[in-house]
Amino acid sequence: MMSDIERLLDRRNDGTAATIGPGVVTSPYATVGKKRVLTGIRPTGPLHIGHYAGALENWVRLQDQYDCYFLIADYQVADYADDLPFVRNAVWEVALDWLAAGLDPERGSFVVESLVPEHAELTTWLAWFMPVGMLERNPTLKAEMDAIENPDDAMTKGKSVPVAFYIYPVMQVANILLPRAHLVPVGEDQLPHIELARETARRFNRDFEPIFPEPEALVGRAPRLVGIDGHAKMSKSRRNTIDLSDSVEAVAKKVRGMYAGPPRKANEPGKVQANPVFAYLDAFDHDVANVRALKERYEGSGVSNKELKDRLTAVLNELLEPMRDRRAKYEQNMSLVREAVEHGTQCARVIAAETMERVRDALDLDYLRKFRCRTEPARRR
Ligand code: TRP
């Protein structure tokens, strides 16, 4: 009988230091089994259809092909430091949304970041080797810090940037390197972080031991979805989202009230680009030919917003229906959600411990095992 840990490792089939045939040793980070994928989300509330189009839909597909780690990044919500109960609740909300969306804890691992403390440890070591200038040049970080200090809307008060915010890109690199991930599916806004991860991996591999694969970004097909109010970004704080957990009625109501471009009579032609309903149809309607025909008619003789919105409501409810069924199943048995997180986190801890052992070894930090007499002359690199 295999132990739990052996079974986990067997599923991971890491293949590290594997010998292929007599004397042929693969490179230290070569993978005999599946390539590893790591991606994450910050627990800041229920997930919406923008998350689905931009990320989840892709993740669901990836879990068939790769060994996937889905991270709930609860170290990365320093902007919610004044509301920890909210964060704790959001961790379970995200896990439930994932299950509803079709992520399968049997195939991939659901990981809570803070339950794998090696993230914090690796962050600290990596911070030694990451030039401040690299963070200062990171456009995503720059924009986010600016938004905190100089908010452009009345909803966010001007705050000071916590230190945790400054180091979160370092931690994101640690998130990626800890499971020695090969692929990182992200939105375009995250690309600077992936570049940082690549540079850090290269530097570590060159200066110490070749431990880390150079992770590659996988950018999904869908661009960022606009809000139902027409604002460029769908976000909870603007209340302009359609959530994965919305009921049939809620979806119908939200779509009915959705911004559909400048006022226009039903038989008046309009501009497709100016009407976000089309952006949604592009993202979710599988009947591409019908969407094309609608667009032509819209720009020609005109289509009523009611017709467009009825179509969108049907499309969204069709998308969300299987999610509602799965959600109902898990809501009746929340211990399954807990189990998914516990099991996934355990898998992540196994590989994290292995990586950290190698990192400590590479950095020559295993003081006790490699005890040297103090009289040995100190040596600077
Ligand atoms: N910062 C990412 C976001 O805001 C979430 C995230 C945390 C992440 N850790 C990650 C994404 C590691 C990819 C890899 O969307």
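The values are calculated or read from the model by the stated rules, or taken from the named source; none is laboratory data. The structure presented is a predicted model; accordingly, all values stated were derived computationally and were not measured. Note: ideal-geometry Cβ built from the backbone for every residue, glycine included; neighbour counts use all protein chains shown.
Quick look at the numbers
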item: Unmet criterion (only one of (1) in a loop (DSSP other than H, G, I, E, B); (2) at pLDDT below 95; (3) among the small types (Gly, Ala, Ser)) for SER245; result: (2)
item: Near pairs, Cβ below 6 angstrom, 6+ apart or cross-chain, from segment 309-336 (of a type in the set (A, V, I, L, M)) to any residue that is outside any helix (DSSP H, G or I) and surrounded by 14 or more Cβ atoms within 10 Å (Cβ to Cβ); result: VAL315/ASP285; MET323/LEU244
item: Residue in segment 95-111 that is acidic (Asp, Glu), closer than 30 Å to ASN317 by Cα and assigned to a helix (DSSP H, G or I) present; result: yes
item: Residue satisfying condition, being part of a helix (DSSP H, G or I) and within 16 Å of the ligand (Cβ to nearest atom), within set ARG202, ARG198; result: ARG198
item: Answer residue from segment 21-45, given it is assigned to a strand (DSSP E or B) and at pLDDT 50 or above and is surrounded by the most Cβ atoms within 10 Å (Cβ to Cβ) among those; result: LEU38
item: Restricting segment 330-381 to residues that are of a type in the set (S, T, N, Q) and over 15 Å from TRP98 (Cβ atoms), the residue that is modelled with the lowest pLDDT; result: THR375
item: Long-range neighbours under 8 Å by Cβ, at least six apart or interchain, first residue aromatic (Phe, Trp, Tyr) within segment 166-192, second outside any helix (DSSP H, G or I) and more than 7 Å from the ligand (Cβ to nearest atom); result: TYR168/TYR75
item: Meets criteria (in contact with a strand residue (DSSP E or B) (Cβ under 7 Å, 6 or more places away or on another chain) and either more than 13 Å from the ligand (Cβ to nearest atom) or farther than 22 Å from LYS142 by Cα (or both)) for LEU218; result: yes
item: Flag for PRO269 being in a helix (DSSP H, G or I) and farther than 21 Å from ILE228 by Cβ; result: no
item: Extreme residue, farthest from the chain's Cα centre (by Cα), among residues of segment 60-75 that are buried (at least 24 other Cβ atoms within 10 Å of the Cβ) and not aliphatic (A, V, I, L, M); result: ASP67
item: Boolean, VAL161 is more than 14 Å from the ligand (Cβ to nearest atom) and modelled with pLDDT of 95 or more; result: no
item: Subset of segment 46-80 that is away from the ligand (no atom under 13 Å from the Cβ) and part of a loop (DSSP other than H, G, I, E, B) - its residue that is farthest from HIS182 (Cα to Cα); result: PRO46
item: Qualifying residues in segment 81-109 (those that are within 16 Å of the ligand (Cβ to nearest atom) and among the charged types (D, E, K, R)) - the one surrounded by the most Cβ atoms within 10 Å (Cβ to Cβ); result: ASP97
item: Options ILE148, ILE176: the member that is among the β-branched types (Val, Ile, Thr), more than 21 Å from the chain's Cα centre (by Cα) and within 16 Å of the ligand (Cβ to nearest atom); result: ILE148
item: Candidate set: segment 182-195, residues that are more than 10 Å from the ligand (Cβ to nearest atom) and assigned to a helix (DSSP H, G or I); chosen: the one farthest from GLU121 (Cα to Cα); result: GLU188
item: Matching residues, segment 312-361, being over 24 Å from the mean Cα position of the chain (by Cα), of a type in the set (A, V, I, L, M, F, W, C) and buried (at least 18 other Cβ atoms within 10 Å of the Cβ); result: LEU312, VAL315, VAL359
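Residues are listed down the side, and each one gets a yes or a no for (1) among the basic types (Lys, Arg); (2) assigned to a loop (DSSP other than H, G, I, E, B); (3) crowded, with 21+ Cβ neighbours inside 10 Å; (4) within 16 Å of the ligand (Cβ to nearest atom):
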site	(1), (2), (3), (4)
THR124	no, no, no, no
TYR168	no, no, yes, yes
GLN172	no, no, yes, yes
ARG180	yes, yes, yes, yes
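Each row is one residue, and each column tells you yes or no for (1) charged (D, E, K, R); (2) surrounded by 20 or more Cβ atoms within 10 Å (Cβ to Cβ); (3) at positive phi.
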residue: PHE204; (1), (2), (3): no, yes, no
residue: GLY220; (1), (2), (3): no, no, no
residue: ILE228; (1), (2), (3): no, yes, no
residue: LYS236; (1), (2), (3): yes, no, no
residue: THR241; (1), (2), (3): no, yes, no
residue: TYR259; (1), (2), (3): no, no, no
